[in-house]
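The values are calculated or read from the model by the stated rules, or taken from the named source; none is laboratory data. On a predicted model such as this, the values are computed, not experimentally measured, just so you know. We place every Cβ from the backbone using ideal geometry, glycine too, and count neighbours over all the protein chains shown. Protein only, heavy atoms only, side chains kept; ligands, DNA and RNA dropped before computing areas. Shrake-Rupley method; radii C 1.70, N 1.55, O 1.52, S 1.80 Å.
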Amino acid sequence: MFTIGTSSIYDIKQYGAISDGKTINTTAISLATEACAKAGGGTVYVPAGRFLTGVVILRSNVHLYLEAGSILVFSPDETDYPVVDSRWEGVSRQVYTSCIYAENSENISVTGRGTLDGSGHFWWSLFRKKENQFPRPKLIGFDHCKNVLISGVKLMNSPSWTVHPLCCEDVTIHNIRIQNPSDSPNTDGINPESCRNVRISDCHIDVGDDCIAIKAGTEETAERVPCENITITNCTMIHGHGGIVFGSEMSGDIRNVTVSNCIFEGTDRGIRLKSRRGRGGVIEDVRINNIVMKGVICPFIANLYYFWGPRGEEKYVWDKNPYPITKETPVFRRIHFSNITARDVSAAAGFLYGLAEMYLEDITFDNVSVSMAEEAEPGMPAMMAELEPMKQRGFYCCNVSNIRFHRVTVSNHEGPAFYVENGKDVEITGCKSKNALTSDPLFVFKDVANV
């Protein structure tokens, strides 16, 4: 692909890098990157071989290219990661620099057929022993950047989140493979946060936490920046705690999101929207289409009583009585699911639970088939207080408005296929129950108006 030696190619070996897997190459890679940036841009070239390094910082117009057979192994040494101001789980604070990092840059890319290895086992051990002084590095973290491309590379053993664009614009993530152990803590796959115009396609993600999580900061984030105009397509997602997750950090709003042509296998939950009182913000205008799921606890979750994180156990969060609507009240609306198959589901076909004062609004399911596992184990469809484990239940809906089920089939379930409590404007057309395990009616309504 490249002619080494041309003025726009900066081979890290020409700047002193040694591919023995033992010599630390931070300085050599930094020299190549700085020379490239100083010349106005070009390609920093990583040839085949195993290169140990600390943080790699990209600049505007720098393209990091990893040749097939190349591996950048990131140092298991905290001193190789300077501390910077960024976000951790939606809150602004000091964190260790990401393994590959850029800030306030444009036209940057990481591509090729090589591998980035974050030496995550070192960081996971520190985290479990609570010995890390600052939050762990991400594998790739870009802050306030424009025109970003990540393509082709394999990413593995990330210290925490694997790919984290923060307050970025025009981000393309294409044809990458992410592999983190299923028990590795907080090793989400791709987490765009407060970004605009993000395209994620043709990726394979096998991780220890959410595969893709869309975020927009918490109530503690001073600058409320939305995450908007997000497309996700043609991806496979394995293990993890959720296939595609919205929130719970959503205080800056999440809107205009499409997800299509994806496969989830064993991802705990499928599509998961979560937030709580105090967060504020709106999740709106989301369309999910052409999805196949297998072996999930619950395919569809929209939960406004999510209790994880700081202050999550306060009465204000878990109380099921209505509270005054303020700017701290989160909103979920205009969420549409279509052409989805889910098999071997254990807990429930769907779990939708709005606030007593702010119902989930305008939620539709069209041409959806959910089949419960024959030997299902009880599970928690959502993380909220006062919720008992469920097994082989149908759709459980509470505090919902303008919800429509059209051509939805639920199989091998206990109880009604559709249970709606505290709702209004509910429409069920062309829906079926197959192989029901109990003699309950197809649907049960409690305190529901205008069915």
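Has region 264-275 got at least one residue that is assigned to a strand (DSSP E or B) and open to solvent by 30 Å² or more (accessible area, probe 1.4 Å)? Yes, some residue in region 264-275 is assigned to a strand (DSSP E or B) and open to solvent by 30 Å² or more (accessible area, probe 1.4 Å). The criterion of being within 23 Å of Asp77 (Cα to Cα), among the small types (Gly, Ala, Ser) and under 20 Å from the mean Cα position of the chain (by Cα) holds for Gly141. Quickly run through region 56-86 and pick out the residues that are polar (S, T, N, Q), part of a strand (DSSP E or B) and more than 26 Å from the chain's Cα centre (by Cα). The one that is polar (S, T, N, Q), part of a strand (DSSP E or B) and more than 26 Å from the chain's Cα centre (by Cα): Ser70. The set of residues in region 100-141 that are among the polar types (S, T, N, Q) and in contact with a Pro (Cβ under 8 Å, 6 or more places away or on another chain) contains only Ser119. Exactly one residue among Gly189, Gly152, Gly141 is at positive phi, open to solvent by less than 20 Å² (accessible area, probe 1.4 Å) and of a type outside the set (Lys, Arg), and that residue is Gly152. Residues in region 415-451 that are crowded, with 17+ Cβ neighbours inside 10 Å, without any contact (Cβ under 8 Å) to a residue 40 or more places away in the chain and assigned to a loop (DSSP other than H, G, I, E, B): Gly415, Pro416, Cys431, Ala436. For region 437-446, a residue qualifies if it is over 22 Å from Asp366 (Cβ atoms) and within 35 Å of the chain's Cα centre (by Cα), and the qualifying residues are Leu437, Lys446. Of all residues in region 314-340, those satisfying the criterion of being basic (Lys, Arg), surrounded by fewer than 16 Cβ atoms within 10 Å (Cβ to Cβ) and farther than 13 Å from Ala356 by Cα are Lys315, Lys327. Residues in region 201-214 that are closer than 18 Å to Met156 by Cβ, assigned to a strand (DSSP E or B) and open to solvent by less than 10 Å² (accessible area, probe 1.4 Å): 3 in all. Per the listing Lys130, Lys146, the residue uniquely modelled with pLDDT under 95 and of a type in the set (Lys, Arg) is Lys130. Could you please let me know if Glu361 is at positive phi and over 22 Å from the mean Cα position of the chain (by Cα)? Spelling it out, it is not the case that Glu361 is at positive phi and over 22 Å from the mean Cα position of the chain (by Cα). Just one of the listed residues (Met358, Met380) is closer than 26 Å to Gly415 by Cβ and open to solvent by 20 Å² or more (accessible area, probe 1.4 Å), and it is Met380. Of all residues in region 87-98, those that are among the hydroxyl-bearing types (Ser, Thr, Tyr), buried (at least 20 other Cβ atoms within 10 Å of the Cβ) and assigned to a strand (DSSP E or B) total 1. Under the condition of being open to solvent by 10 Å² or more (accessible area, probe 1.4 Å) and in a strand (DSSP E or B), the residues counted in region 237-263 number 8.
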